[in-house]
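K.L.:
Please find one structure pasted underneath; my questions will follow.
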Amino acid sequence: MEIDEDTIDLRSDTVTTPSEAMREAAATAEVGDDVYRDDPTVNELERRAAEAVGTEAALYVPSGTMANQIAVHVHTEPGQELLLERESHIYRWELAGAAKLSGVQTRTIDAGGRCVPTPDAVAAGLVSEDLHRPGTGLLSLENTHNYRGGVAVPVEEIEAAAAVAGDADVPVHLDGARVFNAAVALGVDASEIVAPVDSVTFCLSKGLGAPVGSILAGDEAFVDEARRVRKLFGGGMRQAGMIAAPGLRALENVDRLAEDHASAERLAAGLDALSGVTAPEPDTNIVVAHTDAAGVEAADLVTACKDAGVGCVEFDEYTTRFTTHLDVDDADVADAVDRIGDALASLA
Ligand SMILES: *Cc1c(COP(=O)(O)O)cnc(C)c1O
């Protein structure tokens, strides 16, 4: 679907277009062949990205999905179990890549609104290797939790879950596609959220506003192996400084994520005030609106919103997601609430 100019596009924080500064950075980037480690801009981005999350090293990859799938591949052996949350992105939205690319079996834990499994739930989900059982190769957590509404999971809860896995010598990956949203919402440095885990994914192309790219970070040995798996998965890029340069600018956008969170809070309050709509106060930039009380299905709401000039996505039968981002200002939020109200009225 091509979105027209007047539409307030709240489908995702991936819809932002690069700023003039990012375009300028791309145009003037110093580049080289990154497969030979010759691209100074990529090297600089990987240094700065590692610094931003407090890891030894980092790897620039085309997407968050590839970052997660590389992490699964590096941490596990085929046939092992991957333990993750029932609504996690890796389980729900990555085309069963863990099964297809790494040959692992997934075991899910329903963490409910808590988003990260309790230590007891992790303990119960871990499988030790024996004559009949394959053993758990990896625990994966997610922060912010996308599907459950951009929930910022407190550091202590990540620590507690990771500690149980650590005691069993099972590595822990964090799908932190929006880890900086979590950090800003929790008022902590991203490195504190990442400290308890062995590897982390984060996206430059979401709230941070880069046109493309994600980061997979961890210790030197992990990133060395991840670099080989990136090549295996077809993600070795050449003069990638052209796209890494805007990524460097994107890292400057961390603090301003607070503005997106404030916008989301206003949006949720506006939607929650509409008859038949429940929109819980969000932690970060993702607003989920439930319309079961209004008897309005998400698929119909998405179509009516599109006609009324608001982009959003269906999350479940009666749940629709609206995401705030760099290209949405206060006036857009107010307009969006009016237009969504009109869309609902058209369905009544
Ligand atoms: C968006 C997202 C991803 C995947 O990122 P892409 O760059 O779209 O592949 C992974 N995990 C979570 C939690 C996400 O929200």
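The values are calculated or read from the model by the stated rules, or taken from the named source; none is laboratory data. Here the structure is a predicted model, which is why all the values come from computation and not from measurement. Positions of Cβ are backbone-derived with ideal geometry, glycine not excepted, and every protein chain shown enters the neighbour counts. Just so you know, the surface numbers come from the protein's heavy atoms only, side chains and all, with ligands and any DNA or RNA stripped out. Shrake-Rupley method; radii C 1.70, N 1.55, O 1.52, S 1.80 Å.
K.L.:
Which of the residues that make up segment 75-93 are in a loop (DSSP other than H, G, I, E, B) and on the phi < 0 side of the Ramachandran plot?
P.N.:
If the condition is that a residue be in a loop (DSSP other than H, G, I, E, B) and on the phi < 0 side of the Ramachandran plot, then THR76, GLU77, PRO78, GLN80, ARG86, GLU87, SER88, TRP93 are the ones that fit.
K.L.:
For ASP198, which of the numbered conditions (1) open to solvent by less than 40 Å² (accessible area, probe 1.4 Å); (2) more than 14 Å from the ligand (Cβ to nearest atom) fails to hold?
P.N.:
It is condition (1) that ASP198 fails.
K.L.:
Which residue out of ASP338, ASP327 is assigned to a helix (DSSP H, G or I), open to solvent by 60 Å² or more (accessible area, probe 1.4 Å) and either more than 15 Å from ALA268 (Cα to Cα) or not hydroxyl-bearing (Ser, Thr, Tyr) (or both)?
P.N.:
ASP338
K.L.:
Which numbered condition in (1) open to solvent by less than 20 Å² (accessible area, probe 1.4 Å); (2) away from the ligand (no atom under 16 Å from the Cβ) is the only one that GLU24 fails?
P.N.:
The one condition GLU24 does not meet is (1).
K.L.:
Which one of these is touching a Cys at 6+ places or on another chain (Cβ under 6 Å) and open to solvent by less than 50 Å² (accessible area, probe 1.4 Å): CYS203, CYS312?
P.N.:
Result: CYS312 is the single residue among CYS203, CYS312 that is touching a Cys at 6+ places or on another chain (Cβ under 6 Å) and open to solvent by less than 50 Å² (accessible area, probe 1.4 Å).
K.L.:
Here is a further query. Can you tell me which condition ALA185 does not meet? The list is (1) in contact with a Gly (Cβ under 8 Å, 6 or more places away or on another chain); (2) touching a residue at least 40 places away in the same chain (Cβ under 8 Å); (3) open to solvent by 10 Å² or more (accessible area, probe 1.4 Å), and all the others hold.
P.N.:
Here ALA185 meets the rest and fails (1).
K.L.:
For segment 75-89, enumerate the residues that are within 14 Å of the ligand (Cβ to nearest atom) and either out of contact with any strand residue (DSSP E or B) (no Cβ under 9 Å at 6 or more places or on another chain) or under 19 Å from GLY135 (Cβ atoms) (or both).
P.N.:
LEU84
K.L.:
Restricting to segment 35-74, name every residue that is assigned to a helix (DSSP H, G or I), surrounded by fewer than 18 Cβ atoms within 10 Å (Cβ to Cβ) and either of a type outside the set (Asp, Glu) or within 11 Å of the ligand (Cβ to nearest atom) (or both). Explain how you work it out, then say what you get.
P.N.:
Taking segment 35-74 first, the residues assigned to a helix (DSSP H, G or I) are 35-36, 40-53, 64-74.
Checking the rest, the ones that are also surrounded by fewer than 18 Cβ atoms within 10 Å (Cβ to Cβ) come to 35-36, 40, 43-44, 47-48, 51.
Matches in segment 35-74: VAL35, TYR36, PRO40, ASN43, ARG47, ARG48.
Each row is one residue, and each column tells you yes or no for (1) more than 16 Å from the ligand (Cβ to nearest atom); (2) surrounded by fewer than 24 Cβ atoms within 10 Å (Cβ to Cβ); (3) part of a strand (DSSP E or B).
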| site | (1), (2), (3) |
| --- | --- |
| LEU95 | no, yes, no |
| LEU101 | no, yes, no |
| THR108 | no, yes, yes |
| VAL122 | yes, no, no |
| ASP130 | yes, yes, no |
| PRO134 | yes, yes, no |
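K.L.:
Check whether at least one residue in segment 82-89 is among the basic types (Lys, Arg) and within 23 Å of ARG178 (Cα to Cα), and report yes or no.
P.N.:
Among the residues of segment 82-89, at least one is among the basic types (Lys, Arg) and within 23 Å of ARG178 (Cα to Cα), which makes the answer yes.
K.L.:
Something else: Being of a type in the set (S, T, N, Q) and closer than 21 Å to ILE158 by Cα is the filter here; which residues of segment 66-97 pass it?
P.N.:
Scanning segment 66-97 gives ASN68, GLN69, THR76, SER88.
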